[in-house]
Amino acid sequence: MSVDELVEQFADNVAAQTDAIWRGDARTGNKHARKYISAVDTLREHGDTGREALTTLFKHPRMDVRVMAAAYLLRYRTQEATAVLTEATKEEGFVPFKAAQALKRWEEGTWALDAE
């Protein structure tokens, strides 16, 4: 699978997980979570090329996709990822809450989605 296809798989499954959560379907949400985690793990195998490809999602039309990409890229692109997460926290709801939690964990030093 190409890097672009992996980025698309990541975005599609983040969106599908969010939609499943809103429907109250945790089982389907978990299935999509496993798929986007697999996509990001494979992107990481490509090193910074894979991480760089994921940065294209900082401008994705869906906030949940932007926030999840930013959460995974905090170490790699700290300034841009922090800006995406901070912008999301200006809204209300589940996704802005997730953005705030990612920022909190980053500031605490407990964030670990992309270990070196």
Next on the checklist: Charges at C-beta only: +1 for Lys and Arg, -1 for Asp and Glu. How large is the resulting dipole of the stretch 14-53 about its Cα centre, in Debye rounded to 20?
Outcome noted: 240
Checklist entry - Going by a ≥ b ≥ c, the root eigenvalues of the Cα gyration tensor, does the stretch 49-115 fall in the rounded group (a/c under 1.5), the prolate group (a/b larger than b/c) or the oblate group? => result oblate
Next on the checklist: Under 17 Å from a point placed 7 Å out from the Cα of residue 41 along the Cα-to-Cβ direction: which residues of the stretch 2-27 have their backbone N that close?
Outcome noted: 6-7, 9-11, 13-14
Checklist entry - How would you classify the stretch 2-66 from its alpha-carbon gyration tensor, with a ≥ b ≥ c the square roots of the eigenvalues: rounded for a/c under 1.5, else prolate if a/b is greater than b/c, otherwise oblate? => result oblate
Next on the checklist: Counting other C-beta atoms within 10 Å, and keeping those with at most 12, which DSSP coil trypsin sites (Lys or Arg not before Pro) do you find in the stretch 68-103?
Outcome noted: 90
Item to check | Span-rule helices in the chain, defined as complete DSSP H runs reaching 27 Å or more along the axis (Cα) with Kyte mean at least -1.0 | outcome: 3-23
Checklist entry - If you roll a 1.4 Å probe over the chain with all protein chains in place, what percent of the accessible area is carbon or sulfur? => result 50
Next on the checklist: With +1 on the Cβ of every Lys and Arg and -1 on the Cβ of every Asp and Glu, and nothing else charged, how large is the dipole of the stretch 1-84 about its Cα centre, in debye rounded to the nearest 20?
Outcome noted: 300
Item to check | Net +/- balance of residues flanking residue 57 in space, Cβ distance below 10 Å, scoring K and R +1, D and E -1 | outcome: +2
Item to check | Cα lying deepest toward the dipole's positive end in the chain, options 100, 9, 42, charges on Cβ | outcome: 100
Checklist entry - Which whole-number percent is the relative contact order of the chain (Cα, under 8 Å, 6+ apart)? => result 19
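The values are calculated or read from the model by the stated rules, or taken from the named source; none is laboratory data. Note that the structure is predicted; figures quoted are calculated from it, not measured. Glycine also receives a Cβ, built like all others from the backbone with ideal geometry; neighbour counts cover every protein chain displayed. We work out accessible area using only protein heavy atoms, side chains counted, and drop any ligands, DNA or RNA first. Shrake-Rupley method; radii C 1.70, N 1.55, O 1.52, S 1.80 Å.
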